[in-house]
1. Output the number of the condition that residue 198 fails; it satisfies all remaining conditions of (1) surrounded by fewer than 19 Cβ atoms within 10 Å (Cβ to Cβ); (2) part of a loop (DSSP other than H, G, I, E, B); (3) in contact with a His (Cβ under 9 Å, 6 or more places away or on another chain).
2. Against the conditions (1) surrounded by fewer than 14 Cβ atoms within 10 Å (Cβ to Cβ); (2) among the acidic types (Asp, Glu); (3) under 21 Å from the mean Cα position of the chain (by Cα), where does residue 5 fall short? Just the number, please.
3. Please identify the pairs in which a residue from segment 55-78 that is touching a residue at least 24 places away in the same chain (Cβ under 8 Å) and surrounded by fewer than 22 Cβ atoms within 10 Å (Cβ to Cβ) has its Cβ atom under 6 Å from the Cβ atom of a residue that is assigned to a helix (DSSP H, G or I) and not polar (S, T, N, Q), counting only partners at least 6 apart or on another chain.
4. With the condition kept exactly as written, say whether any residue in segment 75-96 is at pLDDT 95 or above, acidic (Asp, Glu), closer than 24 Å to residue 271 by Cβ and out of contact with any Pro (no Cβ under 6 Å at 6 or more places or on another chain).
5. Kindly indicate which of 99, 77, 88 is in contact with a helix residue (DSSP H, G or I) (Cβ under 6 Å, 6 or more places away or on another chain) and small (Gly, Ala, Ser).
6. Take residue 145 and decide whether it is crowded, with 21+ Cβ neighbours inside 10 Å, out of contact with any Pro (no Cβ under 9 Å at 6 or more places or on another chain) and either assigned by TED's automatic domain parsing to the domain that holds residue 92 or at pLDDT 80 or above (or both).
7. Look through segment 1-40, keep the residues that are modelled with pLDDT under 95 and among the polar types (S, T, N, Q), and return whichever of them is nearest to residue 52 (Cα to Cα).
8. Provide a single number: the residues in segment 82-113 that are under 15 Å from the mean Cα position of the chain (by Cα), of a type outside the set (Phe, Trp, Tyr) and under 17 Å from residue 213 (Cα atoms).
Amino acid sequence: MKKIEHILFVVNPIAGDNDKTELIHLVEKSLEERKIKLTIYKTTGVNDQEQIQQKVKENDFDCIFVAGGDGTIKIVAEGVLNEDVPLALFPSGSANGFALNFDIPETPQEQLEVALNGKVEHIDVLKINDHISLHLADFGVNADLIKNYDKSQLRGKMGYLMQSIPTLMKSEHPYTFKIVSEETSKTVEASVLSIANCQKYGTGACINPQGKTNDGQFEIIAFKNLNLIEIIKTFTDQIDLNPDFAEVLSVKSAEVFCEHAVSFQIDGEYLGKLKNVKVKLLNQAIPLMVPTFYSS
């Protein structure tokens with residue numbers, strides 16, 4: 001990575017309901033000591049992606065720091081997809097599943113160390129219809145859970161937990177899906193059908209243990225049931241998923257058809273009920289700062 005002279009710091013002030021003032025001061029002080037120019041952009045929820053794109057086009061940024069959750073990271077990544085400017089993550093949302101996959105440390109001081117002195121990892125991105133996915137997308141029960149979580153007042157992991165039982169009781173799973181790719185064409189029944197670029201959800205559940213974010217392929221995982229024992233195992237260091245619990249397909253592109261419209265989410269954003277999606281992979285499309293010890 002070239003010498004850092006100018007950084008854009010994108011901050012979502014309301015992500016995760018936590019104050020970002022101390023983090024901003026930490027970054028300002030550290031960069032001032034290093035004589036690195038800093039531009040701060042605070043998201044407002046109105047035309048953020050366009051504003052970020054404009055700033056990147058008007059300036060020669062060497063890196064973009066992002067303080068927020070998965071949604072904020074996605075907005076920035078979409079805005080700079082073809083700019084080849086590394087992103088550095090300061091996870092501070094209610095869900096930080098994307099950062100969890102890259103061993104990003106928990107403290108701001110350590111995160112800043114990675115941002116300034118880590119290594120660059122180029123990661124794949126998925127294009128799903130007109131959206132991009134950095135992390136995980138899925139049809140079914142988990143998308144229903146995200147929809148219900150968005151309507152609730154309680155944030156964070158406890159908010160997801162409180163919505164899990166009523167969601168399970170109301171969801172009409174399993175669903176029937178047809179998956180068509182260059183490699184295969186098959187029909188499956190599943191409670192959740194995941195389209196996975198990464199390994200883990202923000203809860204820490206590893207649903208794609210063999211997945212890599214830079215291997216030129218992604219996984220479609222059909223969770224045939226919601227077996228509690230198998231779900232608990234996803235929080236352990238298991239190498240493979242039980243085939244009676246989940247079926248995994250590794251593909252480079254695919255189209256998914258649903259018998260009936262099913263709830264769908266991308267990277268924690270509920271997109272409504274859909275009957276089909278087209279997925280293609282953008283190979284190593286985003287440069288990301290990761291710890292020097294990180295291994296994909």
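The values are calculated or read from the model by the stated rules, or taken from the named source; none is laboratory data. Bear in mind the structure is a predicted one, so any value in this text is a computation, not a measurement. Heads up, the Cβs are rebuilt from the backbone with ideal geometry, glycines too, and the neighbour counts pull from every protein chain shown.
1. Among (1) surrounded by fewer than 19 Cβ atoms within 10 Å (Cβ to Cβ); (2) part of a loop (DSSP other than H, G, I, E, B); (3) in contact with a His (Cβ under 9 Å, 6 or more places away or on another chain), the lone unmet condition for residue 198 is (1).
2. Condition not satisfied by residue 5: (3).
3. Close Cβ pairs (under 6 Å, with a partner that is assigned to a helix (DSSP H, G or I) and not polar (S, T, N, Q)) amount to 75/48.
4. no
5. Answer to the selection: 88.
6. no
7. 12
8. Count: 10.
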